[in-house]
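Structure first, then comments.
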Amino acid sequence: MKKLFILILLLSNLLSADELTVFGFEDHTIGYNWISSSVPGLKAETAQVKVERVRENATEGENALRLTFSGGDMPAAKYTLPASEKNLWGIYRTFKADVTVGRDCVVFFIAKYGKNDWTKIARLSAGKNTVIDLFSQSVDTVSEFYIGMYAPKVGEQIFIDNVRLTTKRPETITPFRYQEPLDLANDAAKYEKKFKIPFSILGSDLTAENVKDFIGKTGGDTSLAGKPAAEIDAAIKSEFAEIKKT
């Protein structure tokens, strides 16, 4: 009875903790739990990923996970969660992981839960990075977890440590395209500002920031849909010439 009480108390403390380390890579059986894998839904990877527990670039404890790539498009290492670990994610809002890389690159994390996937794609700079993301919904009953790299070079290595979850809302999240982290304290205005990426409207000197802006500037004419590019270009230039006369 006393042992059962202690177990319940420990579990209660674990589930109520503000932060939970889900992967600290201190377990000596790490190489058996993680395997080389392809990303779910993408073509099978022939390039293998070597998975090792090493003392290099550890940020918490004494060990880190080292992934050594042999090329490929989006190779990954996969961890299949045992039943005892599947339901620990649901109360947490924020994902964090320390990743050390040798060059500017893109890494990704995927958690499969139920029929859904949570994916974090992060653009990192050479050296140590802390990847941060905010869950848009509850991520619970996680069955598989993937860590990978986009277009790695043969022999390239990355180091991962202190993969953790927290109940606190982050102040920033690690970007995919932009170098500067997104400031979530002013997320509405800053998000809008960063993701307004102007594109040129063919045949004119106009630009549009999104589809709505494009329709507003062009009248939303779709009569040229499916026509050859040269014909579309000529028609737009002609229409634009008429507009300039007014």
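The values are calculated or read from the model by the stated rules, or taken from the named source; none is laboratory data. Note that the structure is a prediction, hence the values are computed from the model and not measured. Reconstructed Cβ throughout: ideal geometry from the backbone, glycine too, with neighbour counts over all protein chains shown. Heads up: the accessible areas ignore ligands, DNA and RNA and are worked out on the full protein's heavy atoms, side chains in. Shrake-Rupley method; radii C 1.70, N 1.55, O 1.52, S 1.80 Å.
As a summary of the residue check, R103 satisfies the conditions (1) under 22 Å from R66 (Cβ atoms); (2) part of a strand (DSSP E or B); (3) open to solvent by 20 Å² or more (accessible area, probe 1.4 Å) except for the one numbered (2). Put simply, of I132, I147 the only residue that is out of contact with any Pro (no Cβ under 7 Å at 6 or more places or on another chain) and at pLDDT 90 or above is I147. Might you check whether a residue that is touching a Gly at 6+ places or on another chain (Cβ under 8 Å), open to solvent by less than 70 Å² (accessible area, probe 1.4 Å), closer than 25 Å to D140 by Cα and outside any strand (DSSP E or B) occurs anywhere in region 34-45? Scanning region 34-45 turns up at least one residue that is touching a Gly at 6+ places or on another chain (Cβ under 8 Å), open to solvent by less than 70 Å² (accessible area, probe 1.4 Å), closer than 25 Å to D140 by Cα and outside any strand (DSSP E or B).
Checking each residue in region 150-173 for being open to solvent by less than 60 Å² (accessible area, probe 1.4 Å), in a loop (DSSP other than H, G, I, E, B) and at pLDDT below 90 picks out only P170.
Restricting region 65-77 to residues that are more than 12 Å from I147 (Cβ to Cβ) and part of a strand (DSSP E or B), the residue that is farthest from the chain's Cα centre (by Cα) is S70. If the condition is being touching an Asp or Glu at 6+ places or on another chain (Cβ under 6 Å) and open to solvent by less than 20 Å² (accessible area, probe 1.4 Å), then region 114-137 contributes only K120. Of the candidates S38, S70, the single residue that is of a type outside the set (D, E) and at pLDDT 95 or above is S70. The set of residues in region 115-137 that are of a type outside the set (V, I, T), in a strand (DSSP E or B) and within 13 Å of Y92 (Cβ to Cβ) comprises W118, D133, L134.
Are any residues in region 78-95 in contact with a Leu (Cβ under 8 Å, 6 or more places away or on another chain) and either in a loop (DSSP other than H, G, I, E, B) or crowded, with 21+ Cβ neighbours inside 10 Å (or both), and if so, which ones? Matches in region 78-95: L88, W89, I91, Y92, R93, F95.
Every listed requirement among (1) under 18 Å from the mean Cα position of the chain (by Cα); (2) open to solvent by 60 Å² or more (accessible area, probe 1.4 Å) is met by N57 save one, (1). Of all residues in region 159-175, those that are among the hydrophobic types (A, V, I, L, M, F, W, C) have Cβ atoms under 6 Å from Cβ atoms of residues that are in a loop (DSSP other than H, G, I, E, B), 6 or more apart or on another chain, in F159/N57; L165/Y92. Screening the candidates D140, D98 for the property of being surrounded by 13 or more Cβ atoms within 10 Å (Cβ to Cβ) and in a strand (DSSP E or B) yields one hit, D98.
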